[in-house]
Structures are given as structure tokens and as C-alpha cells.
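The values are calculated or read from the model by the stated rules, or taken from the named source; none is laboratory data. In this text, all values refer to a predicted model and were calculated from it rather than measured experimentally. Neighbour counts run over all protein chains shown; Cβ positions are idealised from the backbone, glycine included. We work out accessible area using only protein heavy atoms, side chains counted, and drop any ligands, DNA or RNA first. Shrake-Rupley method; radii C 1.70, N 1.55, O 1.52, S 1.80 Å.
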Amino acid sequence: MKKGLMLLLAFLVAGAMVFANGGSEKGSGAPQKRFATIGTGGVTGVYYPAGGSISKMVNKKSDVYGLKVTVESTGGSVFNINAVMAGDLEFGIAQSDRQTQAWEGTDEWKDKGPQKNLRAVCALYPESVTLMAAVDANINSIEDLKGHIVNIGNPGSGNRGNAIIALENAGINWETDIKAEGLKAAEAAKMLQDGRIDAYFYTVGHPNGSFKEATAGKRKVKFVPIDNIDKLLEKYPYYAKSVIPIEYYPNAQNSSDVPTFGVKATLITSADVPDDVVYAVTKEIFDNLEDFKKLHPAFGVLTKKNMLEGLTAPLHPGALKYFKEAGLK
Ligand code: GLU
């Protein structure tokens, strides 16, 4: 009798567990939760906090959309585009020049060919190709980099290619005229302070954690202008002149804003990502734009109009649906 009761209880418990599982999958009527990850950059850059802000806005409405967005720190633009194309990430932040090159199948994508599944969501904020050097290395112009140890960035970063063409424009061969390092941007500030490198390139929005860190140490550092770039701008129409506002870095040994060239950070995705997922992300960025702009000084210049400029890949249909509804397209 006792044994029989135990068996009956065990049977009932097992039955209840099966029911509970079935119930949680189908029962509540809420949309099933999906996950989307945004590939960003190093933790001292601006992609990482930008991705974090976007994910927070969407996750506030997680129940409405049945969607949870997470953020991953990555090697940067080139990595993000490739990971989104491979289906490993749903979204990525990527420099506008890299978006163009991937869409057209040039530069890093020469062998793979045009990335036909690449889709644009929107443009974010401007990024500047930034060169910082130690004052004791006597580097006052990009030409002075000859013979020095210079971090041009990890393969997978957007900045590595920018450093190479900036050097080329100054008549410097990155393979023979300098000792080029391939470190991630997040490590560069410390390496500069430790005397392991003389200078580093980073294409990034301002202000950012990397140059705050580099200017906070004992070794005196300064931004180096990248000028005489008319030929470069002619050859690569997707670059534009820009300046680094020195007010963000009171400890840098510069007395005025520093000229260089730049791109835009953009949000990209794949044609394979469902329309409603891209719609949700687009809508939350645009509907909350005023709050988003307050989260980082680099976002201050954003307008709904300029966020549709600087994109080469076709807009994802989910983003387009929102832009039409909002009267932006
Ligand atoms: N522009 C850099 C890259 O594409 C990343 C900058 C950042 O993380 O803010 O690699």
C-alpha cells in the first residue's frame, strides 16, 4: 500500500513537470523570447557603450517584442561585419568605410567578394582617425613616425586599414618604415604609458576611455595632426575631414583642436535577421533619440535625418518599415 502510494506520487510529480514545461512553451500567449547580439569593439572605445545603450532601450520593451538584446566586446568593424555575415551575430557596429568596402567587395573583402546580405540599420555618430604619440618620442607629424614602434591595430579592427592608408599618404610603408604592432585598441593606452610603443592609431568617437587613459598617465602624450590629406580624400570619397576636440582631454599636450579625417559609426545587420527584430531595434533607437543623445557626448550631434546618411548597404526592410511609419523615408 505504502509502495503503491509512493509510485502514484512519483507519477503525479513527473506528470506535473511535463505539464509545466509544455505550459511555459505554449501557454502564456506572450511572444516567444528571442535573443539578438550586437558586436561592438574594445571596452575603452565608444562602440561598446553605444551597443550597451541600444540594448538597454530595447530590453525595456523585452516583453512587448519577445526580444532580448545583448552586447559583445569584439575586435571591431571588420570582425563585426564578418560575424554578422556568418550568422554568429545579429547586429554589429561598423565604420561607414568598412560598410562600403564590404558591400562592394573591396579591401578586406577582395577575396570573398561583395557581401550581398549586408544590410544597414542606421548611421550613428562621427569617428576620427586618431594618432596619439608620446612627447618624448618627438613625433610632431605623421611623417615623423618613421623608425618608431606604432600600434596600427588588430586585424579585425576598422582602424588598422585607416592607419595603413594614412601612413601611405604620408609616404610611409607600414611594413618596412615603422615597426607596426597589431594590438587591440584596449591595450594600446597602457602600452604607450609603459613605453612599449611610441604611438598608436585608433579610429573612434570622442571622448573615449582609451585616450582618457592614455592622457592620465605619467608619460606625456599628445595627438598628432593628420593633414595634407587632399590626395587621400580624392582617392577615397568615403572619408571626410574632421577634428579632435581637445577640450575632452585636458592632460593632452596640445593647445588646439587636432585636424584629421574620419568616418561614421553605423549599425549593420544581415538580410537573414527577421524584419520584426530589426524593426524593434530601429524603433527604440529613434523613438528614444533625445535620451540616447544624452548618454554620450559623441551622440550629441545626432539627428533623425543625419542618421540616414552615410549608409551604402541597402536598408534592412525592418528598418525601412519604421522609417516609413515615422515619415523619414
Ligand atoms: N572604429 C573602431 C573599429 O572599427 C572601433 C571603435 C570603438 O570601439 O568605438 O575597430
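Shown is the FRET efficiency for LYS68 and LYS324, computed with R0 = 25 Å from the Cβ-Cβ distance and rounded to the nearest 0.05: 0.45. For helix 275-287, what angle does its Cα long axis make with the longest principal axis of the chain, in degrees from 0 to 90 and rounded to 10? Approximately 60 degrees, to the nearest ten. Past the 30 Å Cα-Cα mark, which pairs from LYS212/LYS294; LYS60/LYS324; LYS179/LYS241; LYS190/LYS283; LYS222/LYS293? Result: LYS190/LYS283 exceed 30 Å. Label separation (LYS110 vs LYS220): 4.2 nm, computed from points 7 Å beyond Cα along the C-beta direction. Classified by the C-alpha gyration tensor, region 280-329 has a prolate form. Its axis ratio a/c, with a ≥ b ≥ c, is 1.5 or above, and a/b is larger than b/c. Taking every protein chain into account, the 1.4 Å probe leaves ILE246 with about 30 Å² of accessible area, to the nearest ten. The C-alpha atoms of the chain define a longest principal axis, and helix 2-22 lies at about 50 degrees to it. Taking 0.36 nm per residue of sequence separation and removing the Cα-Cα distance, the GLU213/SER255 pair yields an extension gain of 13.2 nm. With Cα atoms defining each centre, region 101-165 and region 197-211 are spaced 12 Å apart in the structure. In angstrom, the C-alpha Rg and Dmax of region 136-207 are 11.3, 32.
Solvent exposure of region 87-219 amounts to 37 Å² per residue of accessible area, where only protein heavy atoms count and the probe is 1.4 Å.
Between HIS206, HIS296, HIS316, the GNM of the chain built on Cα springs shorter than 10 angstrom shows HIS296 fluctuating the most. Remark on TYR125: its backbone amide H falls under 5 Å from those of ALA265, a criterion applied only to residues 5 or more positions apart or on other chains, H modelled at 1.01 Å from N. For region 106-250, treating each Cα as an identical point scatterer without solvent, what Debye log10 I(q)/I(0) comes out at q = 0.16 1/Å? The Debye formula, applied to the Cα set alone, gives -0.88. Note on LYS231 and VAL243: the model spin-label points, each 7 Å out from Cα along the C-beta direction, lie 2.6 nm apart. Amide hydrogen proximity for LEU67: with H placed 1.01 Å from N in the peptide plane, the residues at 5 or more positions away or on another chain lying under 5 Å are ARG34. Amide H contacts of LYS179: GLY147, HIS148, ILE149, VAL150, each under 5 Å away and 5 or more positions distant or on a separate chain (H built 1.01 Å from N in the peptide plane; Pro and chain starts excluded).
The convex hull drawn around the Cα atoms of region 175-329, when projected onto a plane and averaged over every direction, covers 11.9 nm².
In the chain, the calculated helix contribution to ellipticity at 222 nm averages -10000 deg cm²/dmol per residue, counting -39,500 (n - 2.57) for every DSSP H run with n ≥ 4. Classified by the C-alpha gyration tensor, region 249-308 has a prolate form. Its axis ratio a/c, with a ≥ b ≥ c, is 1.5 or above, and a/b is larger than b/c. In the chain, Rg over Rh equals 1.11, where Rg is the alpha-carbon radius of gyration and Rh the Kirkwood radius from pairwise Cα distances. So which trypsin sites (Lys or Arg not before Pro) in region 191-273 are both in a DSSP loop and have at most 16 other Cβ atoms within 10 Å of their Cβ? Taking region 191-273 and a limit of 16 other Cβ atoms within 10 Å, the loop trypsin sites (Lys or Arg not before Pro) found are ARG196, LYS218, ARG219, LYS220.
In summary, the convex hull built on the alpha carbon positions of region 33-188 has an orientation-averaged projected area of 10.1 nm².
Please give the helix 47-59 orientation as an angle from the longest Cα principal axis of the chain, in degrees from 0 to 90, rounded to the nearest 10. In the chain, helix 47-59 runs at an angle near 20 degrees to the longest axis. Per residue, the convex hull around the alpha carbon atoms of region 165-250 comes to 111 Å³.
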